[in-house]
Amino acid sequence: MTLNESIHYHKNKLYVDSVSVTEIVQSVGTPVYIYSLRRALNNLERIKTAFTALDTHIHYSAKANANLTILRTLIEDGVGVDAVSGGEIFRALKAGVAPQNIVFAGVGKSESEIQFALEKGVGWFNVENVRELDFINYYAEDMGLSGIKIALRLNPDVTANTHPYIATGHGGAKFGLTATVIANVLKQQSQWINLDFRGLHIHIGSQLGDTLATQQAIQKALDLLAPYPNMKTLNIGGGMPAQYDSQAQLPSFEMFAHDIMPMLRDYTVLLEPGRSIIADAGILVGQVLYTKNQAAQHIAITDASMTELIRPALYQAKHEIVPVAENHSKTQVTQVVGPVCETADVLGRDIPLATLNEGDLVVALTAGAYGAVMSSNYNARPKPAEVVVAANGESWHVARRRETWEDLVAKEI
Ligand SMILES: Cc1ncc(COP(=O)(O)O)c(C=O)c1O
């Protein structure tokens, strides 16, 4: 099981740090996301320590989990934020980040988002299109701004060891600029007079299974930077993996750092970790509504579904499913499904579980990243509450209240 010091059993009951999951559910109901701030901060600390030999700046990738309490906690611990939309910049600012500690990435920034980012004074633009440079330069001029820091995003044309839907560094992907385009832009950089070309950005994918493609991508970036001794920043994106499956052999933070740091000694390094900080700090708890035996399968239908955790349906991602009350009796292969009207609404396929009964609580582990942020109201399902267990491990609060049916119609005329 992919449990850890924060998500663990105590006397056969699941706890998040010192708080019983059952206690939270009794008060807040299901489905509910629960996050351990202690675990998130520990993960962050381990990343900081692993990269300590370099001049490293961490920008937490808000797309993984942009809950304000999560953002605030990580920002207070010293990180900046990697934002991919005006909305994420807005959230990051609300959470208290200094604008210069925001990197603004994204393959399709709108002109209004660029204006907003310039007005607010975001620190970096990770640029993925030559026209984007024109827009940033134009609006900077309009606002009397100059020296806007630019990192050109390289599409390094490497094959990341991950699921194809979360690989972003191969030639056919929509992300980044080719090496040829970047080389040309750098030769002509003086044409964008308000921009300061400081470095390059790469992000070859998420949940990376090894460091090989990252090393290849870094080498390609370094080759492009070689003629420009003043460009000394390399943003290497996110991608460090989370443990979804206890059997999987994945590179640790320490291994990642070990394998790439020797290449980066002369550089200021920006990191954009998301999943590796928050995934294993979060769980999604659902309650069994019904069970049935059908087509030679045992099916448990829970009130948690693909609308709260779409990763299994979208990426064939696997989340371990465990009961809140540990039960050591004989297991049977179980399909854990949600109530949404889609065959793809399966949280866990072929999961060995002791017989589940109506009312039992079950948990999808490692659900802190790309869970709540990718949730939807499909089937007019209100989004669940998000609960945060404080870094002291003892106190908890509802960081986002459960939506109501009224919320579902509130924006319609
Ligand atoms: C540009 C960029 N940076 C950082 C991240 C965060 O990646 P991860 O959550 O794998 O660390 C992503 C995720 O897709 C991304 O696209």
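Checking every residue in the range 353-362 against the condition of being within 16 Å of the ligand (Cβ to nearest atom) and surrounded by 20 or more Cβ atoms within 10 Å (Cβ to Cβ) gives zero matches. Strands (runs of 3 or more DSSP E) fully within the range 307-413 that include at least 1 residues being under 24 Å from residue 207 (Cβ atoms): 321-323, 331-337, 346-354, 361-364, 385-389.
Restricting to the range 21-43, name every residue that is buried (at least 16 other Cβ atoms within 10 Å of the Cβ) and closer than 12 Å to residue 285 by Cα. Of everything in the range 21-43, those that are buried (at least 16 other Cβ atoms within 10 Å of the Cβ) and closer than 12 Å to residue 285 by Cα turn out to be 21, 24, 25, 28, 30, 31, 32, 33, 34, 35.
In this structure, does residue 291 turn out to be in contact with a Ser or Thr (Cβ under 9 Å, 6 or more places away or on another chain), of a type outside the set (Asp, Glu) and surrounded by 19 or more Cβ atoms within 10 Å (Cβ to Cβ)? Judged against the criteria, residue 291 is not a match. Inspection of the range 202-218 identifies at least one residue that is away from the ligand (no atom under 16 Å from the Cβ) and not aliphatic (A, V, I, L, M).
Does residue 46 satisfy the condition of being in contact (Cβ under 8 Å) with a residue 40 or more places away in the chain, surrounded by fewer than 22 Cβ atoms within 10 Å (Cβ to Cβ) and charged (D, E, K, R)? In short, yes. Annotation: residue 281 fulfils all but one of (1) surrounded by fewer than 24 Cβ atoms within 10 Å (Cβ to Cβ); (2) within 16 Å of the ligand (Cβ to nearest atom); the unmet one is (1). Residue pairs whose Cβ atoms lie under 8 Å apart, sitting 6 or more positions apart in sequence or on different chains, and linking a residue in the range 175-203 that is without any contact (Cβ under 8 Å) to a residue 12 or more places away in the chain to a partner that is of a type outside the set (Lys, Arg) and not in a helix (DSSP H, G or I), are 189/195; 189/197.
Filtering the range 99-142 to residues that are acidic (Asp, Glu), out of contact with any Ser or Thr (no Cβ under 7 Å at 6 or more places or on another chain) and buried (at least 20 other Cβ atoms within 10 Å of the Cβ) leaves 128, 132.
Only the coordinates and a few stated rules stand behind these numbers; no lab work does. Only a predicted model underlies this, so the values are computations on that prediction, with no experimental measurement involved. We place every Cβ from the backbone using ideal geometry, glycine too, and count neighbours over all the protein chains shown.
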